[in-house]
Amino acid sequence: MNSFSITPSCCDSVKDVTQKLAALSHPARLEILRCLAGGRSCCCKDVVEHLDLAQSTVSQHLKILVEAGLVRYAPERQRSRYEIDQTALLAVSASVSALVETFCAVEGDNI
């Protein structure tokens, strides 16, 4: 039986990777990440203006992204700011790449 690791020093655990992938599995959350792309921080209201979703819905999706560690949250006086954690997204990408390499490896290959 082959053993494998999906954590090539990029994510803490299988549970961590799973939580991040689950957070990425909803179309609205992917759209929110698209709104936050480019290294800019936004408040919830800014995101709502770009999506056809209620403020409360966007807020709940942002909460999930923050809890998964994919988005950083910075409370401010009137408006809290959100921004993508690029390091976390790159870590997820590396973990998925490691999974694909492991699952697609031909017997005898050293990956």
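Within region 39-74, the set of residues being closer than 18 Å to residue 92 by Cα and either in contact (Cβ under 8 Å) with a residue 40 or more places away in the chain or not in a helix (DSSP H, G or I) (or both) comprises 39, 64, 65, 67, 68, 69, 70, 71, 72. Just so you know, in region 8-51 the residues that are within 23 Å of residue 75 (Cβ to Cβ) and touching a Lys or Arg at 6+ places or on another chain (Cβ under 8 Å) include one that is modelled with the highest pLDDT, and it is 23. Determine whether residue 54 is surrounded by 13 or more Cβ atoms within 10 Å (Cβ to Cβ) and either hydrophobic (A, V, I, L, M, F, W, C) or modelled with pLDDT under 95 (or both). The answer is no for residue 54.
Has region 88-103 got at least one residue that is within 13 Å of the chain's Cα centre (by Cα), of a type outside the set (A, V, I, L, M) and surrounded by fewer than 17 Cβ atoms within 10 Å (Cβ to Cβ)? Outline the logic, then answer.
At the first step, the residues of region 88-103 found to be within 13 Å of the chain's Cα centre (by Cα) are 88-96.
With of a type outside the set (A, V, I, L, M) added as a condition, the list becomes 93, 95.
Adding the requirement that they be surrounded by fewer than 17 Cβ atoms within 10 Å (Cβ to Cβ) leaves 93.
Yes.
Pairing residues of region 75-104 that are more than 21 Å from residue 58 (Cβ to Cβ) with residues that are at pLDDT below 90 and of a type outside the set (A, V, I, L, M), at Cβ distances under 6 Å and at least 6 apart in sequence or on separate chains, gives 91/10; 91/11; 94/10; 95/10; 95/11; 98/8; 102/4.
The values are calculated or read from the model by the stated rules, or taken from the named source; none is laboratory data. All figures in this text were calculated on a predicted structure; none of them were measured in a lab. When we count neighbours, we look across all protein chains shown, and the Cβ atoms used for this are built from the backbone with ideal geometry, even at glycine.
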